[in-house]
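Below: the structure, in structure tokens.
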Amino acid sequence: MLKTGKKKNWRRSLFILAFLLPGMFLFFAIYAYPLVNIFGSSFCEWNYKNLLHPEFLGWNHIFDNFIRLFTKDTHFKTALINSLKWIGLTAVIQVPFSILVALVLSKKRKGWALTRNVFLIPNIISTAAIGLIFLNLYDPANGLITDLVHLVNPDLPLNILAKPGTAFWGVTFSYILFGGTNCLLLMSQISAIPQELYEAARIDGASDFQADRRITLPLLRPMIGTVLVLACNYGLLLYNELFLLTKGGPDGATYSLSLYVYQTSMGSTKLNFALGNAAGVIQVIIGLVLVISINKLLRTNESDL
Amino acid sequence: MSKSKKTARRHGAAGTILCYLVMFIVLVVSLYPLIWVFISSFKEVPGGLGLPHPWKFDGYISIFTKLNIGAYFANSLFITTLSTAISTVAVTMAAYVSARMNFRGKGLVTLMFASTLYVPSISISFPIYRMMSSFQLQDTRAAVIFVYSGLNIAITYFVIRSYFLTIPREMEEAAQIDGCGYSQTFWRIIFPLAKPGIATGAILAFLNNWNEFYFASLLLTSKSKMTIPALLGQFKGTYSMDRNGMFSAIVVSVLPTILLFCACSKVFIKSLTAGAVKG
């Protein structure tokens, strides 16, 4: 009896191990090893001259790459500031806009389902296509946005993407309003709120606006947290639209952290892998800080999972 | 008094106008750029307002004959299908074990998968790029397939795991009493029941892989191997002169996704909603 029990246990462990193995392999190959690698190499000297032999900087100079990023590297400085700005702008424009649309569509007026689906389209097509579309919308000669913008303010440069100030907003506008997925997630949460709450509010004479403010929004908090995490991560990662619109130009004014990582370790001639990886480490840390602080602020643990 | 009249009074005229205004803005912002590109693609000089005059099909002819865009669709389909299949199988197995069985380190497994959600993929792209070169996989579709297989594991893991959690325990217990082994229980009993959840996760992974731009353009350098998004990336530099071709390529590249979405929006919506990972 004991023997069969042991045998069964052994088979059980083997089964668990075998089933975990493929997923774990992918995790270690695509995430764990690269993460360890960027952390490790951020303390090294490693550039195009010593590609095969990264060298540890030594304990006295261990943070040299980071010091260089924050003190000497102007592209990194703009990249960091821009990425923080894009995170912030996503949080204060995209997320509230998504919430507003979700509240409006949840009233289920005529055309709500169509509007919801259309709002999803920019999110389900490739961001490369979006980037290319906006590149043409900003075209100095025939671009739709160029024409519209100049109707309002003729003083703006003809090529929006060629001037640092306007180029930043050009990139921002290419993604910031597309909150279809956020809206969908919020709507799914709204539809889970019991109708009795609204009926009770109605009997008490509350208007729709009041009901939204007092009932929907507070109950929506955890999902707003989820949406904020997803949206801010998008802002932190911003690359595709940027790559197609400005490639960080003019003069590095629209660099993002992602673009900096790419340019520094893969996309230019004098590559510095250690520096790029150090920037990657900073990006990872910002991402973690974002998630943890949003969770702390908006989500109670009991509703999770 | 009719019901609709009642509702109208409750919302108030201002509320109604505001609601429709928001809906109108959403429609214009989401759809107008696409319509503009679509109409412009038939113009002699793409861009501007108004309808094409005369209607030109040069762009479409050139992308199907000279550019042979079909080949890029084939690449995209091949890479996306294979990588989605690999990651779905791997993730389904891990999700099953961690949802249905007890073992030491179970929490750690979930934590590992969850943590990948918050790693900005570009920050770790250089080690991945180097790894592919050291495996002699530079500029191969295999490299892209490998990377895509691992890229979405967090979301698929949560979607599939949460579906496994909804299946009643009695199913396994009954199977085991009937003498099914562990793998038999999984393949014969649980897997068929979990198909909808697995499909939801797979669709989400497929969509993400289909649209992925960064790694495709990083890992693939020869044009003949590129996916559709990577090809679009080439338009900025290489073919920027051929504006008709660019507009037509945008239309042709997004049209299948949009048509598929129109045809089965319910499936898409289910997958996208399930993707709201709580990590």
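What follows is calculated from the coordinates using simple rules that are stated; it is not laboratory data. Just so it is clear, the structure is predicted and the values come from calculations on it, not from any experiment. Reconstructed Cβ throughout: ideal geometry from the backbone, glycine too, with neighbour counts over all protein chains shown.
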Quiz item: Quick one: which of B:77-90, A:147-160 comes out on top by average Cβ neighbours within 10 Å, and what's the full order, highest first?
Solution: B:77-90, A:147-160
Quiz prompt | Reciprocal of mean inverse Cα separation for segment A:62-300 (Kirkwood radius, Å) | solution = 19.8 Å
Practice problem: Would you compute, from DSSP H runs of 4+ residues alone, the mean residue ellipticity of chain B at 222 nm, taking -39500 (n - 2.57) per run and dividing by the full residue count, rounded to the nearest 500? | Solution: -23500 deg cm²/dmol
Exercise. Rank these for me by crowding, B:T200, B:T227, A:T115, going from fewest to most other beta carbons within 10 Å.
Key: B:T200, A:T115, B:T227
Practice problem: Would you look at the GNM of chain B, springs on alpha carbons closer than 10 Å, and say which of B:I35, B:I128, B:I17 moves the most? | Solution: B:I17
Quiz item: Sorting A:F168, A:F119, B:F64 on the 10 Å Cβ count, fewest up front, what's the list?
Solution: B:F64, A:F168, A:F119
Quiz item: Tell me, what is the FRET efficiency for B:W55 and B:Q184 to the nearest 0.05, using R0 = 60 angstrom and their Cβ-Cβ distance as r?
Solution: 0.45
Self-check item: Anisotropy class of segment A:17-124 from Cα gyration tensor, a/c 1.5 cut
Solution: oblate
Quiz item: Over the protein assembly as shown, how many percent of alpha carbon pairs lie in each 20 Å bin up to the one with the longest distance?
Solution: 18, 51, 27, 3, 0
Exercise. From other protein chains only, count the Cβ atoms within 10 Å of every residue's Cβ in B:269-276, then give the mean.
Key: 5
Practice problem: Per DSSP H run of n ≥ 4, the term is -39500 (n - 2.57); total these for chain A, divide by its residue number, and report the mean residue ellipticity at 222 nm rounded to 500 deg cm²/dmol. | Solution: -20500 deg cm²/dmol
Exercise. Over all alpha-carbon pairs in segment B:178-279, figure out the percentage whose distance exceeds 19 Å.
Key: 61 percent
Practice problem: May I have the pair-distance distribution P(r) for segment B:125-224, computed from all Cα-Cα distances with 5 Å bins from 0 and rounded to whole percent? | Solution: 2, 12, 18, 14, 12, 11, 10, 10, 6, 4, 1, 0
Quiz prompt | Two-site FRET efficiency, A:N153 against B:A13, from Cβ-Cβ distance with R₀ of 35 Å, rounded to 0.05 | solution = 0.60
Self-check item: chain B - Kirkwood radius from inverse mean 1/r over Cα pairs (Å)
Solution: 22.3 Å
